[in-house]
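Only one structure is covered here, and it is reproduced in the block below.
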Amino acid sequence: MFFYRRKEVSYKMNQKFQGNMQKYLVDGGSLPREPIPSSVTARLPTLAELESFALEQWECFLLQLINSSQVERGTSFSSSMMRTFQRGLLSSRDGEAPRLTENGFQFLLMETNAQLWYIMREYISSAEERGVDPTELISFLLELSFHTLGEAYSLNTLTDVQRNAIRDLAELGLVKLQQGRKDSWFIPTKLATNLSASLSDSSSNKEGFVVVETNFRMYAYSTSRLHCEILRLFSRVEYQLPNLIVGSITKESLYGAFENGITAEQIISFLQQNAHPRVADKIPAVPENVTDQIRLWETDRNRVDMTLSHLYEDFPSKDMFDQCCDYARDHGCLLWEDAKKMRLIVRVEFHSEMREFLRRLR
C-alpha cells in the first residue's frame with residue numbers, strides 16, 4: 001500500500017505481513033512467547049510500580065559506578081555481573097579501590113537509553129568469556145524488546161542461557177521476577193521495551209529538573225541521590241534539601257570535570273536535556289553567558305604546553321607494561337599511558353632510568 005503526498009510517495013507495510021515479518025526476525029519463524037493468563041498470575045505490578053522498580057534498580061547500578069558506598073546494603077548485584085557491566089567504565093590496580101575511567105565519567109552524562117545500549121554491547125561482547133553463544137543472546141534480547149510492557153511471561157519456556165540472562169537483566173531493572181505458587185515468571189519493564197527504540201526516542205517524555213541562572217547558580221528539583229552525584233561531577237553542590245539540590249558551576253568544579261575527560265559540550269548537553277519544564281521552552285534553556293563561559297574555561301585549559309618526552313611501545317607483556325607505568329608514576333615522570341595499546345610516554349630526563357629499568361625486567 002502506498003500514498004501520494006505533495007508529489008512524494010510514502011509506503012505503509014501491510015499489517016499482517018508486518019506482524020509475520022517481525023515474528024520471523026525475532027523468533028526465527030517459531031511461535032512467539034505468549035503471556036501468562038491473569039488467572040494464573042493474580043495481581044501483577046501496575047505500570048507505575050514497574051517504572052519505579054526499573055528506576056530504582058538502574059539508579060542503584062549507576063550509584064555503584066560512582067561510589068560503591070552509595071549503594072544500600074542488601075543489593076542484588078552479583079560481583080561477577082557487576083564486573084561484566086562495568087567493563088571499560090571502571091579501572092583498578094592492586095590494592096586500590098576501583099575508579100571511574102574517562103569513559104565512565106562520560107557514560108554517566110549519557111541519556112538512559114544510550115547508557116543501556118552501551119551496557120548491552122558490553123554484555124554481548126563478553127558472552128563468549130562466560131561460555132554463552134552471542135547469537136542466542138542477541139536473538140533473546142531482540143525478542144525481549146518486543147514483549148508487551150507489564151505482561152507476565154513464564155520462566156519455564158526459557159532455555160538455560162535465556163534464564164541466566166533474565167536474572168542478570170533483573171539486576172539492572174529490565175525485568176521484574178515474581179514467584180507464584182507453582183509457576184515463576186518475568187515482567188518486562190520500560191527499559192526492556194526501549195531496547196527496540198532509537199536512541200533519540202528514549203527521553204521524549206522525560207521531565208527535566210535543572211534550572212541554571214545567569215549568575216551560574218544551579219537549582220535541581222529532585223529527590224534522587226543519583227542526580228546529586230552526577231551534578232557533583234561538574235559543579236559544586238552547596239546543600240541538599242529533601243526535594244532540592246542547590247549548587248553552582250565554578251571554574252574549579254569544571255576543571256575537575258575536564259581532568260576526568262568530560263567535555264564542555266557534554267556538560268552543556270546534559271544541562272539542556274535535563275532543563276526543568278519552566279525553562280525548557282525558553283531559547284536558550286541554559287543562559288548563553290553560562291554556556292559560553294564553560295566553553296571558554298575548557299579552551300583556556302587546553303592551551304598547548306610543549307614537554308620533551310620519550311614514547312615506549314611494543315611491550316612483550318601486559319605485566320611488564322604495568323610495572324613500567326608504576327615505576328614512572330612513582331618517580332613523577334609519567335606523562336601519558338594507553339593501557340589498551342600498551343604505550344606510555346615519560347619525561348625526557350627520565351629516559352636513561354627507564355631504559356635501565358627495562359633491562360632489569362628482561
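What follows draws every value from the coordinates through simple rules; no lab data is involved. Remember, predicted model here, so these are calculated numbers, not experimental data. For neighbour counting, all protein chains shown are included, and Cβ atoms are generated from backbone atoms with ideal geometry for every residue, glycine included.
Brief remarks on what is shown
- Applying the Karplus relation 6.51 cos²θ - 1.76 cosθ + 1.60 with θ = phi - 60° to region 48-62 yields 3J(HN,Hα) values of 5, 5, 5, 5, 5, 4, 4, 5, 5, 5, 5, 5, 4, 5, 5 Hz, where x marks Gly and Pro.
- Among MET306, MET218, MET320, the order by Cβ neighbours within 10 angstrom, fewest to most, reads MET306, MET320, MET218.
- Of GLN240, GLN179, GLN106, the one that fluctuates the most in a GNM where the chain has Cα springs shorter than 10 Å: GLN179
- Mean residue ellipticity at 222 nm, helices only, the chain: -13000 deg cm²/dmol; runs of at least 4 DSSP H residues each add -39,500 (n - 2.57), and the sum is divided by the number of residues.
- With the charge dipole of region 210-301 set up from +1 on Lys and Arg Cβ and -1 on Asp and Glu Cβ about the Cα centre, the Cα lying farthest toward the positive end among the listed residues SER224, VAL237, GLN272 is that of SER224.
- Exposure proxy ranking, count of Cβ atoms within 10 Å, fewest first, for GLU213, GLU111: GLU213, GLU111
- Label sites at GLU265 and LEU335, each approximated as a point 7 angstrom past Cα along Cα to Cβ, lie 2.7 nm apart.
- Computed FRET value (nearest 0.05) for ARG295 with GLU56, which takes r as the C-beta separation and R₀ as 41 Å: 0.70
- Take every pair of alpha-carbon atoms less than 8 Å apart whose residues are at least six positions apart; their mean separation over the length of the chain yields a relative contact order of 13 percent.
- Extension gain, SER125 to THR46: 0.36 nm times the residue separation minus the Cα-Cα distance gives 25.1 nm.
- The chain - charge dipole about Cα centre, Lys and Arg +1 at Cβ, Asp and Glu -1, debye rounded to 20: 780
- Using the Cβ of ARG355 as centre and a radius below 15 Å, the other residues enclosed give a net charge of -1, where K and R count +1 and D and E count -1.
- Entry for semi-axes √(5λ) of the Cα gyration tensor in Å (calculated from the structure that is shown) out of (1) 35, 25, 17; (2) 37, 22, 18; (3) 42, 30, 22: (3)
- Vicinal HN-Hα couplings computed from phi for region 286-300 (Karplus, 6.51 cos²θ - 1.76 cosθ + 1.60; Hz; Gly/Pro x): 10, x, 5, 5, 6, 5, 5, 5, 4, 5, 5, 5, 5, 5, 4
- Take the Cα of ILE283, go 7 Å toward its beta carbon, and none of the backbone nitrogen atoms of region 208-241 fall under 13 Å from that spot.
- Table column - 3J(HN,Hα) (Hz), region 208-217, Karplus curve with 6.51, -1.76, 1.60, x for Gly and Pro: x, 9, 10, 10, 10, 9, 5, 8, 6, 6
- Over region 36-199, the hull volume per residue, using the convex hull of the C-alpha atoms, is 128 Å³.
- Sorted fewest first by neighbouring Cβ atoms within 10 angstrom, ASP305, ASP183, ASP133 come out as ASP305, ASP133, ASP183.
- Amide H contacts of SER184 (H built 1.01 Å from N, under 5 Å, at least 5 apart or other chain): LEU155, ASN156
- Amide H within-cut-off set for LEU334, under 5 Å, with H built and near neighbours excluded: ARG329
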